[in-house]
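Input: a single structure, listed below in C-alpha cells.
The values are calculated or read from the model by the stated rules, or taken from the named source; none is laboratory data. Being a predicted model, the structure only gives us computed values, none of them experimental. Note that we place each Cβ from the backbone using ideal geometry, even for glycine, and neighbour counts take in every protein chain shown.
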Amino acid sequence: MKSKLIFLFVLLGSLFYISCSESITGTKLENLPPETKIFLFPDSTDAISKQKSKLRIFWWGDDPDGFVIGYYIKWENQPWAFTTKTDSTFTLSITGMDTNYTFYVAAVDNNGNSKYDNQIIRNNINFGPEPFVDKNANGIYDDGELFIDIGNVDPTPAQFRFPIKNSPPEISFQKNSEVPETTFTAASFAWTVSDIDGDETVDKIYIALNDTSNFVELPGHISFITIIANPPFNSDVVEANIYFGSSINQPYSLKLPNLKLNSLNRFYVKAKDIAGAFSKTISMPDSSRIWYVKKPKGEILLIDDYTIADNAEQFYLKMLDSISLGGKYDYLDIKFGKTSTTPGIFLPKFINPTFTATMRLFKVVFWFTDNNPTLEVAQLSIRNYTESGGKILLSMIFPQTFDTRSLGDFLPIDSVSQTPISFIPFNTPVNVTSEGQAIGYPDLQRDNQGTVARIRTFYPSSAAATKLYTLGVSGNPIIGFKDNDSRRIFIGLPLHRLNGGQSNVKEFFRKVFIDEFGVRP
C-alpha cells in the first residue's frame, strides 16, 4: 500500500510539473487518445484454448501525444477498476464444465482537466470517480486530497475472450494411512484432494461403504474422518457415525450406512468441484488387501502389549472365564496383531482418534505389558479414554531407562523412582494396604515361575489416588494404586506372576471388574 501511495504522489507531482511548464504557442491540435493491447504468455492459440481458471494477463498502452498514466480494467458484467500495473493474475470462478470470460483493458493518458471529477465518462462509458488518496478515510474526496487526473481513455478498449476449461479434482489416500486388515467398529481414513483450477474449487466430498450407489455428501474441505459404530447392535449391517479431524466428540449430522459386522468391507471416496466435475473414485483397501470389521462381543477389551513369549494371554482369559465373564471380552494384541479368533489387528496409523475410539467401544480395558510397553500410545490414549467414561486396569512394567515424567500423562502419580528394583525373588509377598483392605482387595504373592525385574516405586497423588499394594521387600515400595473415582487401577507388576500363595488373582479380578468397574456376569 505504501509503495502505491509513493507512486501516486510521484505521478501527481509529475502532472503538476507538466501543467506549470511554459505555455505552448501555435495551433492547438486535438489530443489523441491512447491505444491498448493485451498480451498472453505463452502466446499461442493452443494455450488460449486450454486456459485454467487461474491465469496471468499482460497489457500495455501507447499514447501518440503524451504518456500513459494507468489503465482501466474489468471482466464482463463487472465494474471498471483503475490500476497502474501492466499485468495481474486472476482466479476465475468455474460455473460449468467449460466457461467463457471476456477481459477488457483501456489505457489512460495524462491529458486531464486539473480538477477532481466525481464521474469519468468517456465515449459513453462511465468509469466512475477519479482515484484519490483518502487521507481522512471518510470515503469521499475532500479538497486538497491528491487524485489521479484522468485524461483521455482508449475509446476502443482491448478485449480478449478466454475459453476456460474446467479440470476435475484429483484425489488419493494419504501415504501410510492404510486401514489395518482387521479392526473393530472404528476406523479412520485420510486423503488428499487437489485441483489445478485451485484447491478452493473443490466443493464436495462423497464417501460410501461397500455400495457406490449410496454415497454420503461431506463438505469439500474435509480430508480426514473417523467412522464409529457403537454397540450394542441390532443387526449385522449398521450405520456408523462420522467424525471430522481428530475429535470424536461431536458426530456429523449424517451417518454412513452399510458397515458390515464380522465381514469384509471396503471404503470409497471421491471429490466434486464447483463445476460439477468428479474425481475418480478410490477405495481402501485396494484389491490386493482386505479390511475385516470385527463385532465387539462384550464390555471388556484385553490389550496385550507383551513382546516376550509368556503364558500371560491364556492366564488372563482363564481368569475372566473363572469369574463368569467369558464371552464378555475381546482380545487385542498390539505388538503382533493377533486376536483370539482373527489375525490382523495391529495398531492403527492414527492413535488419536482411531485407537482411542476403539477403546471407547468398550466399557472396560485391561492393558497388560512386559517391560517394553508401548508408552507413546498409552500417553496419547488412556487419559482420553478415561475422561470419556472408560475404566482401565493396567498391569504394566517399564524399561530400565526412560523418561519417567511421561507416566504422569496417564497415571494419577506425582513421581516414580528413577532406579528400579533389579529382581523380585520367588514368593515375595505383595501386601494390600490398609486402605485397599478396607475396600476388599486381597493380598497377592509372587509365584515361583519366570523372571520379574525392574520394578519401580510409585508415589501416587495424595489428592487423587488411593494406595493399594506395597511390595514385601525393604522399604515396602508402593506398586499398586487407583484413582479416587475408580477409573484407573494400576499395579506395577505382571499380574499373572502374582498368583502364588493363596492364588488370589481370581479374587483380585473379581474385585476390579465386577465391584469396581461394574461389569455384570
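Just to check your reading of the model, which residue among SER462, SER503, SER474 is among the hydroxyl-bearing types (Ser, Thr, Tyr) and at positive phi? Walk me through it before giving the result.
Details: SER462 fails: at positive phi; SER474 fails: at positive phi.
Exactly one of SER462, SER503, SER474 is among the hydroxyl-bearing types (Ser, Thr, Tyr) and at positive phi, namely SER503.
Just give me the residues in segment 208-228 being within 17 Å of the chain's Cα centre (by Cα) and either of a type in the set (A, V, I, L, M) or part of a loop (DSSP other than H, G, I, E, B) (or both), in sequence order. Let's see the steps before the verdict.
Of all residues in segment 208-228, those within 17 Å of the chain's Cα centre (by Cα) come to 218-228.
Residues satisfying the conditions are LEU218, GLY220, HIS221, ILE222, SER223, ILE225, ILE227, ILE228.
Would you point out which residue out of ILE150, ILE171 is not polar (S, T, N, Q) and not in a strand (DSSP E or B)? Spell out the reasoning first.
Working: ILE171 fails: not in a strand (DSSP E or B).
It is ILE150.
Does ASN118 meet the test of being in a loop (DSSP other than H, G, I, E, B), surrounded by fewer than 18 Cβ atoms within 10 Å (Cβ to Cβ) and under 49 Å from the mean Cα position of the chain (by Cα)? Working first, answer last.
Values: in a loop (DSSP other than H, G, I, E, B): yes; surrounded by fewer than 18 Cβ atoms within 10 Å (Cβ to Cβ): yes; under 49 Å from the mean Cα position of the chain (by Cα): no.
The answer is no for ASN118.
Consider PRO129 carefully, then state whether it is assigned to a loop (DSSP other than H, G, I, E, B), under 16 Å from GLY61 (Cβ atoms) and in contact (Cβ under 8 Å) with a residue 12 or more places away in the chain. Reasoning before the result, please.
Numbers: assigned to a loop (DSSP other than H, G, I, E, B): yes; under 16 Å from GLY61 (Cβ atoms): no; in contact (Cβ under 8 Å) with a residue 12 or more places away in the chain: yes.
Spelling it out, it is not the case that PRO129 is assigned to a loop (DSSP other than H, G, I, E, B), under 16 Å from GLY61 (Cβ atoms) and in contact (Cβ under 8 Å) with a residue 12 or more places away in the chain.
Where in segment 259-341 are there strands (runs of 3 or more DSSP E), lying wholly inside it, with at least 2 residues that are exposed (fewer than 14 other Cβ atoms within 10 Å of the Cβ) and of a type outside the set (Lys, Arg)?
Details: elements: 267-273, 282-284, 300-305, 329-333.
Answer list for segment 259-341: none.
For residues in segment 168-196 being modelled with pLDDT of 95 or more, surrounded by 19 or more Cβ atoms within 10 Å (Cβ to Cβ) and aliphatic (A, V, I, L, M), which is nearest to LYS54 (Cα to Cα)?
Looking at residues that are modelled with pLDDT of 95 or more, surrounded by 19 or more Cβ atoms within 10 Å (Cβ to Cβ) and aliphatic (A, V, I, L, M), I get VAL193.
Scanning segment 60-79 for residues that are without any contact (Cβ under 8 Å) to a residue 60 or more places away in the chain and not in a loop (DSSP other than H, G, I, E, B), which turns out surrounded by the most Cβ atoms within 10 Å (Cβ to Cβ)?
By that ranking, first place goes to TYR71.
Among the residues of segment 121-159, what is the count of those that are of a type in the set (Val, Ile, Thr) and either surrounded by fewer than 14 Cβ atoms within 10 Å (Cβ to Cβ) or touching a Gly at 6+ places or on another chain (Cβ under 7 Å) (or both)?
Filtering segment 121-159 for residues of a type in the set (Val, Ile, Thr) gives 121, 125, 133, 140, 148, 150, 153, 156.
From what's left, either surrounded by fewer than 14 Cβ atoms within 10 Å (Cβ to Cβ) or touching a Gly at 6+ places or on another chain (Cβ under 7 Å) (or both): 121, 140, 148, 150, 156.
Matching residues across segment 121-159 total 5.
Suppose we keep only residues that are of a type in the set (Gly, Ala, Ser) and modelled with pLDDT of 95 or more within segment 408-465. Which one would you say is nearest to SER381 (Cα to Cα)?
ALA465
Which of (1) touching a Phe, Trp or Tyr at 6+ places or on another chain (Cβ under 8 Å); (2) surrounded by fewer than 20 Cβ atoms within 10 Å (Cβ to Cβ) does GLY472 not meet, given it meets every other one?
The one condition GLY472 does not meet is (1).
So which strands (runs of 3 or more DSSP E) are wholly in segment 382-493 and hold at least 3 residues that are farther than 29 Å from PHE362 by Cα and not basic (Lys, Arg)?
On the way: elements: 391-395, 413-416, 429-432, 458-460, 465-471, 478-483, 488-491.
By residue number, 429-432.
Restricted to segment 475-509, and to residues that are of a type in the set (D, E, K, R) and crowded, with 22+ Cβ neighbours inside 10 Å, which residue is nearest to the chain's Cα centre (by Cα)? Give the steps one after another, and end with the answer.
Step one: of segment 475-509, the residues of a type in the set (D, E, K, R) are 482-483, 485, 487-488, 497, 506-507.
Imposing the further condition that a residue be crowded, with 22+ Cβ neighbours inside 10 Å reduces the set to 482, 488, 497.
On the way: LYS482: 34, ARG488: 29, ARG497: 42 Å.
Top of the filtered list is ARG488.
Restricting the first residue to segment 237-255 and requiring it to be surrounded by 13 or more Cβ atoms within 10 Å (Cβ to Cβ), which pairs with a second residue that is part of a strand (DSSP E or B) and basic (Lys, Arg) meet a Cβ separation below 8 Å and a spacing of at least six or different chains?
Hits for this filter: VAL237/LYS260.
Given the criteria over 50 Å from the mean Cα position of the chain (by Cα), at pLDDT below 95 and farther than 30 Å from ILE196 by Cβ, does ASN124 qualify?
Yes.
Mind listing just one residue for me: the one in segment 267-318 that is among the polar types (S, T, N, Q), out of contact with any Phe, Trp or Tyr (no Cβ under 7 Å at 6 or more places or on another chain) and touching a residue at least 60 places away in the same chain (Cβ under 8 Å) and, of those, nearest to ILE227 (Cα to Cα)?
Taking segment 267-318 as the starting set, the residues that turn out to be among the polar types (S, T, N, Q) are 279, 281, 283, 287-288, 307, 311, 314.
Those left that are additionally out of contact with any Phe, Trp or Tyr (no Cβ under 7 Å at 6 or more places or on another chain): 279, 287-288, 307, 311, 314.
Then drop every residue that is not touching a residue at least 60 places away in the same chain (Cβ under 8 Å), which leaves 279, 307, 311.
Details: SER279: 22, THR307: 30, ASN311: 35 Å.
Among residues in segment 267-318 that are among the polar types (S, T, N, Q), out of contact with any Phe, Trp or Tyr (no Cβ under 7 Å at 6 or more places or on another chain) and touching a residue at least 60 places away in the same chain (Cβ under 8 Å), the one nearest to ILE227 (Cα to Cα) is SER279.
Which of the following residues is surrounded by fewer than 19 Cβ atoms within 10 Å (Cβ to Cβ) and either within 30 Å of VAL473 (Cβ to Cβ) or touching a Ser or Thr at 6+ places or on another chain (Cβ under 7 Å) (or both): SER406, SER381?
Numbers: SER381 fails: surrounded by fewer than 19 Cβ atoms within 10 Å (Cβ to Cβ).
Criteria check complete, one pass: SER406.
Working carefully through the options PHE90, PHE162, PHE82, PHE103, find the one that is part of a strand (DSSP E or B), surrounded by fewer than 16 Cβ atoms within 10 Å (Cβ to Cβ) and either at pLDDT 95 or above or not β-branched (Val, Ile, Thr) (or both). Show your work before the answer.
Details: PHE162 fails: surrounded by fewer than 16 Cβ atoms within 10 Å (Cβ to Cβ); PHE82 fails: surrounded by fewer than 16 Cβ atoms within 10 Å (Cβ to Cβ); PHE103 fails: surrounded by fewer than 16 Cβ atoms within 10 Å (Cβ to Cβ).
Unique residue meeting the criteria: PHE90.
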